[in-house]
Amino acid sequence: MATYLFPKTLCHEMDQAVRKFWWMGSESKDRFLALCDWNSLCLPLDRGGLNFKKFGDVNLALVAKLGWKLAKEEDSLWCKVFKAKYWGNREQAFWNSDLPRNASFGAKGIMATRDLIRNEACWILADGGKVDLWASPWIPWLDWDKSRAAFNPLCVPNPIKVSTLIGADGEWIASSVQRWFVPSVASSLHRIQWFPSSQDDLLVWKDATNGMFSPSVADIIPFGNRLQRIFRNSTRCVICGEAEDSALHLFFKCPLAKAVWFASRWAIRSDTLNFGAPRDMVVWLLSPEFLQGADVEVSGELWRFGVCLFDALWTARNRAFHDQISPTWRGVLAKVTSATAYLHSAWESPTNAGGLQHNPATIYTGNPVLLVDAAFKDLRAAAGIVVAISEGNLSEAMAVCYEANQPLEAELVALVNAVKWCTMRGWNLMVIASDCQLLVHGLHARRTLDWRLAGVFWQLVEMLDALPDVKIEWTPRAGVLAAHKLAKWAFSNSVSGLFSAEDLVPLVAM
């Protein structure tokens with residue numbers, strides 16, 4: 001399905017089998033009563049459906065990935081062979097050329113995705129030298145059918161580039177625009193913004209960017225006013241609807257942002273902050289007045305938190321717009337806490353890791369090692385705990401499913417279950433390895449990382465005090481890969497239990 005475009009009749013038959021099985025528990029019965037139409041069942045959960053995927057849609061999406069590689073002129077071997085075989089040396093052949101009648105079945109399927117890509121993608125113009133005037137999607141507010149209708153019907157479609165409409169000063173050549181386009185479109189092309197001519201034209205997926213980029217650093221992220229100029233979007237914040245959509249509002253003034261800033265360890269009242277430009281936000285984040293004279297580690301923790309919060313808020317805003325998913329401040333805070341921990345882990349140099357081990361092999365010092373990791377999503381978690389005698393030599397394992405409010409809590413509960421297993425089995429000499437550096441560092445320093453997790457944190461500390469020869473050490477993800485894969489499998493299948501070495505091999509080999 002990721003290579004060939006299936007016939008529609010075959011996809012319909014596979015959909016029919018799923019429908020029969022859903023309503024009757026069997027796909028062999030010819031008569032059944034469907035209490036709801038199939039299109040409604042295929043809608044996303046948040047729109048009242050059951051999120052079934054139609055085989056035709058899945059097949060088209062998978063094959064469109066190959067078409068996308070050709071559209072953006074990926075420099076891979078198969079793309080070069082494909083272009084040389086069917087188009088020779090012609091430029092932008094994906095947009096303006098058809099395949100010969102003797103083309104392979106796979107090639108015809110890939111090119112059949114061209115209409116989907118044209119409707120869902122758009123060129124961001126630089127000098128216009130790579131964009132086919134007639135055949136490429138480059139007018140953001142027009143779908144493909146309307147784009148073709150935008151041209152003057154008296155003009156003969158010639159293979160020319162958009163660069164022929166742009167003058168040396170970077171402005172549209174009015175006489176050429178008026179000649180090529182119908183008046184309503186010609187008068188609105190000034191709304192298109194492009195990169196400086198020193199950059200190449202860029203092909204982007206519309207839903208991924210939610211708008212076009214701006215050459216101005218201060219306006220690099222598209223907000224309400226710019227989106228309205230391009231797509232006629234509302235200028236109101238899509239999360240709260242209380243104010244104009246802007247960088248200042250999203251990152252500091254929106255109720256969602258205010259709640260997360262105030263819930264941070266600094267209890268920042270972000271609604272009292274005012275910035276004249278987006279650049280001022282960055283300056284404040286790197287050197288806030290209230291942390292003047294503070295330790296470098298403390299100020300570094302703030303800017304890491306701010307960077308991750310900006311990213312989480314931007315993602316929440318886009319999901320609210322595209323998927324109609326309303327974010328919660330607890331969910332955003334959980335994502336920021338997790339991202340901050342991973343960022344700190346990646347940024348920390350080996351010489352300043354507080355004695356934490358960095359080589360996976362160094363955790364094997366003759367004693368058995370418990371590899372521990374957790375999987376977390378949507379307030380659900382699963383722990384994978386694997387006993388390793390030596391690197392690559394696994395003996396048994398345990399998986400536990402439970403509820404958690406944030407990734408750090410999931411990792412903490414996973415360690416609690418590992419220590420409980422040690423107590424139950426009488427393992428007094430044991431190394432417990434985790435890839436959550438922030439948590440392991442906090443246990444070594446006996447300092448809780450979040451007051452909401454203080455109860456579980458100190459429970460774990462007391463359990464470790466009762467087992468003085470059980471050590472918790474940090475290792476990179478590669479060192480606990482078996483536990484990571486087991487946790488993901490247990491999470492996906494909601495399975496808890498014990499596993500032998502034979503049971504474990506196929507699970508950790510996935």
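The values are calculated or read from the model by the stated rules, or taken from the named source; none is laboratory data. This one's a predicted model, so the numbers in the text were calculated from it and none came from an experiment. A quick note on method: Cβ atoms are made from the backbone with ideal geometry, for glycine too, and the neighbour counts reach across all protein chains shown. The accessibility values were calculated without ligands, DNA or RNA, using every heavy atom of the protein model including side chains. Shrake-Rupley method; radii C 1.70, N 1.55, O 1.52, S 1.80 Å.
Is the shape of region 256-339 best called rounded, prolate or oblate, per the rule: a/c under 1.5 gives rounded, else a/b larger than b/c gives prolate, else oblate, with a ≥ b ≥ c the square roots of the Cα gyration tensor eigenvalues? Since a/c reaches 1.5 and a/b is larger than b/c, the shape of region 256-339 is classed as prolate.
Whenever you get a sec, line up 146, 258 from highest to lowest accessible area (probe 1.4 Å, protein heavy atoms).
Listed by decreasing accessible area, they come as 146, 258.
Debye sum, Cα scatterers, region 437-510, no solvent: what log₁₀ I/I(0) at q = 0.26 1/Å? Those come out to -1.08, one per q. Computed from the C-beta positions of residue 85 and residue 164, the FRET efficiency with R₀ = 35 Å rounds to 0.75.
Listed peptides 5-16, 308-319 appear in the order 308-319, 5-16 once ranked by packing, highest mean of other Cβ atoms within 10 Å at the front. Using 0.36 nm per residue and subtracting the Cα-Cα separation, the extra length available between residue 315 and residue 184 on full extension is 43.7 nm.
Expressed as a whole percentage, what fraction of the accessible surface of region 431-505 belongs to carbon and sulfur atoms when a 1.4 Å probe is rolled over the protein heavy atoms? Present the calculation step by step, with values, prior to reporting the outcome.
Working: 2060 of 3580 Å².
Within region 431-505, the accessible surface is 57 percent carbon and sulfur.
A simple spin-label model places pseudo-atoms 7 Å from Cα toward Cβ; at residue 377 and residue 323 they are separated by 0.9 nm. For region 461-480, the residues whose backbone nitrogen is under 11 Å from a point 7 Å from the Cα of residue 367, taken along Cα to Cβ, are 467-473. Between residue 287 and residue 21, the distance separating the two model label sites (each 7 Å from Cα on the Cα→Cβ line) works out to 6.3 nm.
Which of 85/146; 420/488; 8/85; 72/377 have a Cα-Cα distance over 23 Å? Cα-Cα > 23 Å for 85/146; 8/85; 72/377; rest within. Heavy-atom accessible surface of region 54-106, averaged per residue, reaches 60 Å², computed with a 1.4 Å probe.
Measuring r between the beta carbons of residue 456 and residue 234 and using R0 = 56 Å, the FRET efficiency lands at 0.85.
Heavy-atom accessible area for residue 38, with the other protein chains in place and a 1.4 Å probe, reaches approximately 30 Å². Listed by chain and number, the aspartates and glutamates whose C-alpha is less than 13 Å from the C-alpha of residue 335, apart from same-chain residues fewer than 8 away, are 311, 378, 409. Here residue 458 sits with roughly 100 square angstrom of accessible surface, probe radius 1.4 Å.
I'd like the per residue volume of the convex hull spanned by the Cα atoms of region 379-498, given in cubic angstrom. Residue-normalised Cα hull volume stands at 98 Å³. Segment residue 242..residue 141, full-extension length gain: 33.7 nm, with 0.36 nm per residue of separation and the alpha-carbon distance subtracted.
In the assembled protein chains, residue 322 presents an accessible area of approximately 60 Å² (probe radius 1.4 Å). Seen from every direction in turn and averaged, the convex hull around the alpha carbons of region 34-165 projects onto 11.4 nm².
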